[in-house]
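Below you'll find the structure, written out as structure tokens, and then a few comments.
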Amino acid sequence: MKRSILALTVAGALCAAAACARPLASGALTAGITAAQNDDWDEAFRQWTAAVGREPGSAAAHNNLAVACEKKGAWDEAAREYETALRLDPQNPEIKANYESFLARREAARRKGP
């Protein structure tokens with residue numbers, strides 16, 4: 001079950017990257033996507049952090065970084081990144097869906113406790 005949720009999260013991140021496409025910090029953004037597909041979340045986090053640094057106005061980069069933060073259990077950082085992505089591209093349905101799914105997963109994790 002967790003694997004399928006993760007797959008949906010990654011698929012959402014990939015869709016959001018395509019939907020937000022402009023000349024993104026594409027090398028780092030693409031490298032992060034490849035790392036995520038290979039389940040290397042530390043590398044995905046590094047690449048997407050670099051992408052945000054190169055292009056702070058990229059909703060796709062912030063969305064993808066949020067996915068990596070969430071995967072690493074950094075809930076507060078993930079929330080900030082999703083909120084930034086939404087502020088940058090408030091009409092993007094993939095980012096909206098990712099954020100709503102994130103909120104549900106975060107609430108479930110809170111209810112479950114440490």
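Throughout, read-outs are computed from the coordinates displayed, never taken from laboratory work. All values derive from a computational prediction rather than experimental measurement. Cβ placement follows ideal geometry from the backbone for every residue including glycine, while neighbour counts extend to all protein chains displayed.
Over all other residues within a Cβ to Cβ distance under 13 Å of LYS96, the charged ones net out to -3, with Lys and Arg as +1 and Asp and Glu as -1.
Near ALA79: Cβ cut-off under 15 Å, other residues only, Lys/Arg at +1 and Asp/Glu at -1. The net charge is +1.
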